[in-house]
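Down below is the structure, laid out as structure tokens.
The values are calculated or read from the model by the stated rules, or taken from the named source; none is laboratory data. This one's a predicted model, so the numbers in the text were calculated from it and none came from an experiment. Reconstructed Cβ throughout: ideal geometry from the backbone, glycine too, with neighbour counts over all protein chains shown.
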Amino acid sequence: MLLLHSFGWNFQAEDVFGDFLRTDLAEKSPYPLDRYEVLLEIARFSDGERDEAFVDYLRALFPTHPPDLIVTMISPAARFIQRHRQDLFPSTPVIFGALDARAIGDGALTANDTMVAVSIDQRAFIENILRTLPGTTTVAVVAGDAPIERFWVKELHRVIQPFENRINFIFLNELSFGDMLTRVAALPPRSAIYFGDLIVDAQGIPHRQEEVLSRLHAVANAPIFSQYDYQLGGGIVGGPLLSIHALSRKTAEVAARILAGASPGDIKTPPQKLGEPEFDWRELRRWGIQQADLPSDSTISFREPTLWEQYRWYILAAAAFSALQAILIVGLLLNRLRLRRAHDQLRTSEEGMSLAAIAAKLRFWVWDVPRDEVRASESDWSSGNWRSARPVHFDQFIDVVHPDDRASLHQAVRGALEGDGQYETEYRVMSPDSTVRWIAARGRVEFDQHGKPRQLRAISIDITERRRGEDEARDLNGRLITAHEDERARLAHALHDDVTQRLALLAIDAGRKEKGLGDPVAGRAMRSIRHDLVQLSEDVHALSYALHPAILEDLGLIEALKAECARFGAVEGIPTSFRVIKDVDEPTSPLSLCLYRVAQEALRNVARHSRASSVEVELRAVRGGLELAVRDNGVGFDPTRKQGRPSLGLAGMRQRLALIDGELLIDSAPGGGTSIVARAPLKRGDAP
């Protein structure tokens, strides 16, 4: 999910909305969210003035996979997305949130858009001032000079026209903030202050909203009115206010519906209006505003409690203390009985769990990280048989681990402690009789409030039989592949050494017969037979090469790959280049054959599926092994997407590489071509 802010961190309304939205999204989303937040800070500038840099940044932030949902905050970010929708994320649903309903009309929304808007009624704010302070003759308007603020100042000029015959409006948006403070400190009697938004003053200096309100409140000689509910308690008198939390909940509910599969165009959310009047009791007292002058449905907050309200619970507690003592005594006795029963049940449960763990060859253990103490259930595959009543240090606990696996085990534990807390690994242990057993372990790290690892809880299980089965299956698969290659080689030699030779002799005999025939018709027939014999000989030779290329045994891997690339380019009509990077010595036959077959299968896939116009094949020496890469510029595919049926070609390549402890890497994207890389280690007997 991508959250786009119109401002930096200096606009409190957007900050508060963002804080609430993050919490509400985590609560209401049907899926775990990977959230990105970008501060566009374009509200300080005219539309389009700084777009190019932000467009480039968002493209770099999502180079391959666009976000699943975009939520914009305030109208500048919404207009930015509308201007660049086709350039950035044309298919991603967008929620235009926390903006005035007039900023984007319904006609400008596509079927992939929806809007969670507000109805900012500036007339209601002015009427609230006059209703709360009926004798008001002057209203000072504190606002900034950013483009969005100039828009609202212009709107306010239109709204106040009916009031100008009895109210003197003083607009301070063309002043610096320092000059604004001077003016609000010297307002005439019977004045009020309407605080809109002050993001950037007339000198172009940005300000944080909470600091602006605090400094205004400190020097103002008239009551301050504003528009957001979170400002109540920060210096404003109050009135009908816009609830930012209610707005964030609506936005999160719409986001959850879209993430669950709803179409954005089908979601219509009416604009949120101002809430019921709410006032700060302390500001009412400061400015002598009577509660009788407030609307009847008003809520008064921050009222100082009376003596009874402050201490009534202490009084009631003292009066009920004797009765409470009796209740506590009875409760303690009953609780003691329950604890005793619970202790007995827990002991029975632990004994049953211990028996079950032993039967299933499971082992539960907990590592207290700060104290370096491990408590574990007993296990019949460990040499120590540690019990939970006998804590040991972690290094002692893993003494039974095979020496070759201790480094990887430490790495897995370190990754869990320093990462996301998930622990998973497989390793070998040595039993007292020197028997090697395979163990799989999974667990989770619990962190304290400071993010420090507190303890690691894990469970281990004996998987020796499974590993044996996997090794046997791998060995059988290797024997099958070897037998298959041997049979292909035998057939290739038979075709090359026997059938092609005999066909060649027949072709020579046909040529001789052709010259000895005096009849032109018979000569043409014999010539056709000779031509067919030559063609058949070439086809048999090609079949022999396909079954087992003799060049691989005669000239080695490099020459065989070069010949295969040339043959593929000639047959398929796709330009195919081959190059060797660094000095590559000839490896042993098994490794050469494996890499050659991988290259063959990769090229076959290019011909079948890629619709490529060029192919590059590279062979390079890497540290401790060889790397073969086959890259095309074709249509590509999504490797993470489940195919209709499994690819036998890819499975065959992986099986061949697994037999020599190699790996196959696939890098592809729709429209971005495909890169298949085979890495294989050099072992004893291979070239250094």
Pull up segment 409-437, narrow it to residues that are under 27 Å from the mean Cα position of the chain (by Cα) and among the small types (G, A, S), then point me to the one that is surrounded by the most Cβ atoms within 10 Å (Cβ to Cβ). A416
Just the residues that are touching a helix residue (DSSP H, G or I) at 6+ places or on another chain (Cβ under 8 Å) and assigned to a strand (DSSP E or B), please, taken from segment 606-630. V615, V617, L619, L626, L628, V630
Having 1 or more residues that are acidic (D, E), touching a strand residue (DSSP E or B) at 6+ places or on another chain (Cβ under 8 Å) and not assigned by TED's automatic domain parsing to the domain that holds I205 is the bar; report the strands (runs of 3 or more DSSP E) wholly within segment 1-96 that clear it. 36-39
Somewhere in segment 579-591, is a residue hydrophobic (A, V, I, L, M, F, W, C) and assigned to a helix (DSSP H, G or I)? yes
For segment 98-189, list the strands (runs of 3 or more DSSP E) that sit wholly inside it and hold at least 3 residues that are of a type in the set (G, A, S); which are they? none
List the pairs whose first member sits in segment 148-159 and is free of Cβ contacts under 8 Å to residues at least 60 places away in the same chain, whose second member is of a type in the set (D, E), and whose Cβ atoms are under 8 Å apart, counting only residues at least 6 apart or on separate chains? E149/D197; W152/D197
Note down all Cβ pairs under 9 Å where the first residue falls in segment 639-661 and is closer than 14 Å to L591 by Cα and polar (S, T, N, Q), the second is surrounded by 11 or more Cβ atoms within 10 Å (Cβ to Cβ) and modelled with pLDDT under 70, and they're at least six residues apart or on different chains. Q655/R474; Q655/N477; Q655/G478; Q655/I481
Of the residues that sit in segment 48-81 and are buried (at least 18 other Cβ atoms within 10 Å of the Cβ) and not hydrophobic (A, V, I, L, M, F, W, C), which one is nearest to L247 (Cα to Cα)? T72
Matching residues, segment 185-228, being buried (at least 21 other Cβ atoms within 10 Å of the Cβ), in contact (Cβ under 8 Å) with a residue 60 or more places away in the chain and acidic (D, E): D197
Do we have A77 as of a type in the set (A, V, I, L, M) and closer than 20 Å to R158 by Cβ here? no
Options A570, A678, A669: the member that is closer than 25 Å to L552 by Cβ, small (G, A, S) and within 29 Å of the chain's Cα centre (by Cα): A678
In segment 5-22, anything of a type in the set (A, V, I, L, M, F, W, C) and within 21 Å of I81 (Cα to Cα) is listed as F7, W9, F11, A13, F17, L21
Looking only at segment 30-47, decide whether some residue is farther than 24 Å from L198 by Cβ and out of contact with any helix residue (DSSP H, G or I) (no Cβ under 8 Å at 6 or more places or on another chain). yes
All but one of (1) within 18 Å of C565 (Cβ to Cβ); (2) buried (at least 18 other Cβ atoms within 10 Å of the Cβ) hold for S614; which doesn't? (2)
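Each row is one residue, and each column tells you yes or no for (1) more than 22 Å from G672 (Cα to Cα); (2) modelled with pLDDT of 85 or more.
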{"position": "G569", "(1), (2)": "no, yes"}
{"position": "G573", "(1), (2)": "no, yes"}
{"position": "V580", "(1), (2)": "yes, yes"}
{"position": "V584", "(1), (2)": "yes, no"}
{"position": "Q600", "(1), (2)": "no, no"}
{"position": "E616", "(1), (2)": "no, yes"}
{"position": "R623", "(1), (2)": "yes, no"}
{"position": "G636", "(1), (2)": "no, yes"}
